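For reference, the structure is listed below as structure tokens.
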Amino acid sequence: MDPPVVEVRGLRKSFGAREVLRGIDLTVGAGDVVCVIGPSGSGKSTLLRCVNLLEQPTAGSIRLLGVDVTDPEVDIDRVRTHVGMVFQSFNLFPHKTVMGNLTLAQRSVLRRSEAAARDVALHNLRKVGLEDRADAYPAQLSGGQQQRVAIARALSMDPALMLFDEPTSALDPELVGDVLAVMRDLAQSGMTMIVVTHEMAFARDVGDRVVFMDEGLIMEEGPARQLIGSPATERARVFLHRVLHPTDVADSELGQTEPTRPGDPDHTAAGGAGWAGPPPRWPRADGRGDDAEGHVPLTVR
């Protein structure tokens, strides 16, 4: 039996006196799409950065493709060639064209020839719908296009695992759908992915599992539709209510209402148990809505 692609045990990370991760256990198998959600400051991005050893864990172990990357003797650069990472900011080299951004690491790390690197780059630009922008510079692209280039650049290294750290958080709302569509297609192709996201529709529709984090801990983990549709913990219920019903939160904070829960009268009005009207319509994972009218993506900024 093949080992998990990612196996995290007892992971802790502190910055000075502040403990950001407080004992994380997480396993990701080949082909799994795991979406990590939670409030800002819960440790989601730190977890992702520890997996790729961009942050050095304080304690615990992390195994990637069977290799313990926390072993001081490990060749971490070699391990990282199997891991692609897409950040909130695009991190493209502004003085290089799109093609230059996609071929640089291929040639310097994988030692591919210029012709082979270009072929791989064009193949991945085609995947993200930007083959015609190969000679453009990052400043000539929209934010959504730059993020798709960043995804194509990561794919050009032939990774076994893709890490996404809130890849749509810096984008205008109308550009989010194109990036999510590329990620959805990547997931459907069988790529193993860990995605830190605030895009609840994407997590529900594309994720195999959802991990809910708060205060440096995994508070709840389960099948994506089950956790987002019917979370088991009170903290996850409150978080998801605030994400999906932000106007209720505003009233609640003014002391006018309380977040609804199953069994509450207001919960039925919001489409919960006992709701007698038509079911609430959710947007598609690409953010374009499920009919001609379109609907606002389930997301929080």
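Of note:
- For T192, the requirement of being among the polar types (S, T, N, Q) and in contact with a Cys (Cβ under 7 Å, 6 or more places away or on another chain) is not met.
- None of V86, V28, V36, V5 is over 26 Å from L110 (Cβ atoms), touching a residue at least 24 places away in the same chain (Cβ under 8 Å), surrounded by 21 or more Cβ atoms within 10 Å (Cβ to Cβ) and among the aliphatic types (A, V, I, L, M) except V36.
- For D77: the one exception among (1) open to solvent by less than 80 Å² (accessible area, probe 1.4 Å); (2) within 30 Å of A136 (Cβ to Cβ); (3) not hydroxyl-bearing (S, T, Y): (1)
- Taking region 156-273 as the region of interest, the strands (runs of 3 or more DSSP E) fully inside it that hold 3 or more residues being open to solvent by less than 40 Å² (accessible area, probe 1.4 Å) and modelled with pLDDT of 95 or more are 161-165, 192-196, 209-214.
- Going through (1) over 21 Å from D208 (Cα atoms); (2) open to solvent by 10 Å² or more (accessible area, probe 1.4 Å) one by one, A152 falls short only on (2).
- Where a residue in region 172-187 is in contact (Cβ under 8 Å) with a residue 60 or more places away in the chain and its partner, wherever it lies, is among the hydroxyl-bearing types (S, T, Y) and open to solvent by less than 20 Å² (accessible area, probe 1.4 Å), with Cβ under 7 Å and at least six apart: V176/T168; L180/T168
- Total residues in region 73-106, condition over 13 Å from A154 (Cβ atoms), at pLDDT 95 or above and either touching a strand residue (DSSP E or B) at 6+ places or on another chain (Cβ under 6 Å) or not in a loop (DSSP other than H, G, I, E, B) (or both): 4
The values are calculated or read from the model by the stated rules, or taken from the named source; none is laboratory data. A quick note: this is a predicted structure, and the numbers were derived from the prediction, not measured. A quick note on method: Cβ atoms are made from the backbone with ideal geometry, for glycine too, and the neighbour counts reach across all protein chains shown. Remember, those area values only see protein heavy atoms, side chains included, never the ligands or the DNA or RNA. Shrake-Rupley method; radii C 1.70, N 1.55, O 1.52, S 1.80 Å.
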